[in-house]
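K.L.:
Below you will find the structure I want to go over with you.
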Amino acid sequence: MQTTSQLLMIRPVNFSFNPETAVNNAFQVAGEDADIQEKVLKEFEDFVQLLTTNGMDVTVINDTPLPYTPDSIFPNNWISFHEGGVMCLYPMFAPNRRQERKPELIATLKKKFNVAKIVDLTQHEKHNQFLEGTGSMVLDRRFKIAYACLSPRTTIEVLDAFCRSLKFMPVAFNAFDDKGRPIYHTNVMMCVAKQYVVLCLESIADAKERKNVISAIKMSGKKAIPITITQMKHFAGNMLQVTNRKGKTFLVMSSQAYQSLSPGQIKELEKYNAILHAPLNSIETHGGGSARCMIAEVFI
């Protein structure tokens with residue numbers, strides 16, 4: 001199963017620019033904005049409303065003021081859910097992001113979603129090895145492929161540990177932006193849907209690695225839909241395909257991402273699903289993440 005209608009989102013209480021993540025997230029922009037929490041909260045609520053209005057089951061959990069977790073709006077980096085009642089917990093690069101794994105929250109989620117097994121990879125933090133969930137990996141759940149661009153946030157040792165635990169095949173590669181900087185998360189340059197894969201092929205400089213990615217996509221029988229680095233910088237890769245309670249499929253993204261697409265790309269994507277988009281400019285600018293980062297899918 002590649003898509004679900006069950007979505008988990010965290011309502012932020014202390015959203016702000018996070019200098020601990022900015023060291024390797026080129027999408028973040030520091031700035032003074034006294035109303036940032038208010039603006040982000042409105043973007044969050046409007047996004048949740050868009051999803052629920054279109055038939056998705058969104059579980060919203062309020063963040064707590066303490067401990068301080070400025071990036072709690074991006075839960076997909078520390079937790080993921082899988083068929084068979086499996087919950088995975090991930091090692092995080094930034095120390096203040098590790099605080100998002102709040103024991104009370106984990107206990108609540110374990111009970112709510114009837115979790116049968118927890119795969120805990122967080123011990124890798126002791127060795128400075130990281131894998132930030134479905135930010136670091138883009139999963140083809142049907143064909144059990146874990147695509148991952150390596151970066152300070154994504155190390156091969158933890159990727160291999162995840163794949164061994166959940167029986168995925170790793171497809172690791174290196175990807176860079178137009179200034180030669182490693183792309184910090186795979187899900188900003190790639191989206192795997194039921195019938196297609198959106199990806200920024202030009203960011204994969206090594207020809208052999210690019211061929212391996214294309215081969216894996218072909219093996220899954222999916223169509224590759226390329227985006228440019230410029231479109232990627234507008235979060236066009238940070239999309240998520242979801243299915244509502246009635247079985248209708250949607251592709252979710254930010255309005256900035258949608259506006260960066262060409263008419264031809266939009267027409268191509270709409271062959272497979274309707275498109276939903278919401279303005280997330282404050283979240284994208286200050287947090288360096290977008291629509292897909294805000295959602296943890298629940299497959300339990």
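Taken together, the values in this text are just the output of simple stated rules run on the coordinates, not laboratory data. These numbers were taken from a predicted model, which means no experiment stands behind them. Positions of Cβ are generated from backbone atoms using ideal geometry, with glycine treated the same way; all protein chains shown enter the neighbour counts.
K.L.:
Using +1 at the Cβ of each Lys and Arg and -1 at the Cβ of each Asp and Glu in the chain, identify which of 49, 61, 213 lies farthest towards the dipole's positive end.
P.N.:
Farthest along the dipole direction, towards plus: 213.
K.L.:
Turning to a different aspect of this structure: With N set to the residue count of segment 101-202, report its C-alpha Rg divided by 2.2 N^0.38 Å to two decimal places.
P.N.:
Against the empirical 2.2 N^0.38 Å value, I get 1.16 for segment 101-202.
K.L.:
Still on this structure: How do 58, 171 line up, fewest other C-beta atoms within 10 Å first?
P.N.:
In increasing order of surrounding Cβ atoms, one gets 58, 171.
K.L.:
Give the order of 297, 38 when sorted by the count of other beta carbons within 10 angstrom, beginning with the fewest.
P.N.:
Taking fewest neighbouring Cβ atoms as first place, the list is 38, 297.
K.L.:
Right, next: Which of the trypsin sites (Lys or Arg not before Pro) found in segment 142-173 are in a DSSP loop and have at most 13 neighbouring Cβ atoms, other than their own, within 10 Å?
P.N.:
Hits after loop and neighbour filter: 144, 167.
K.L.:
Would you be so kind as to identify which of 36, 79, 166 lies farthest towards the positive end of the dipole of segment 6-297, taking Lys and Arg as +1 and Asp and Glu as -1 on Cβ and the Cα centre as origin?
P.N.:
After comparing all options, I get 166.
K.L.:
Note down, for segment 200-243, the three equivalent ellipsoid semi-axes (square root of 5 times each alpha carbon gyration tensor eigenvalue), biggest first, whole angstrom.
P.N.:
19, 17, 7
K.L.:
Next question, about the same structure. If neighbour count is taken as other Cβ atoms inside 10 Å, put 292, 141 in order from fewest to most.
P.N.:
In order of increasing Cβ crowding within 10 Å: 141, 292.
K.L.:
Another one. What does DSSP give for segment 6-297 in terms of the percent of beta bridges that are antiparallel, rounded to the nearest 5?
P.N.:
45
K.L.:
Sticking with this one: Would you give the gap between the C-alpha center of segment 259-276 and the C-alpha center of segment 126-204, rounded to a whole Å?
P.N.:
Cα centres, segment 259-276 to segment 126-204: 24 Å.
K.L.:
In square nanometres and to one decimal, what's the mean projected area of the convex hull around the Cα atoms of the chain?
P.N.:
14.0
K.L.:
Okay, next question. List the extent of the Cα atoms of segment 170-257 along each of their three principal axes, largest first, rounded to whole Å.
P.N.:
That gives 43, 31, 18 Å along the principal axes, largest extent first.
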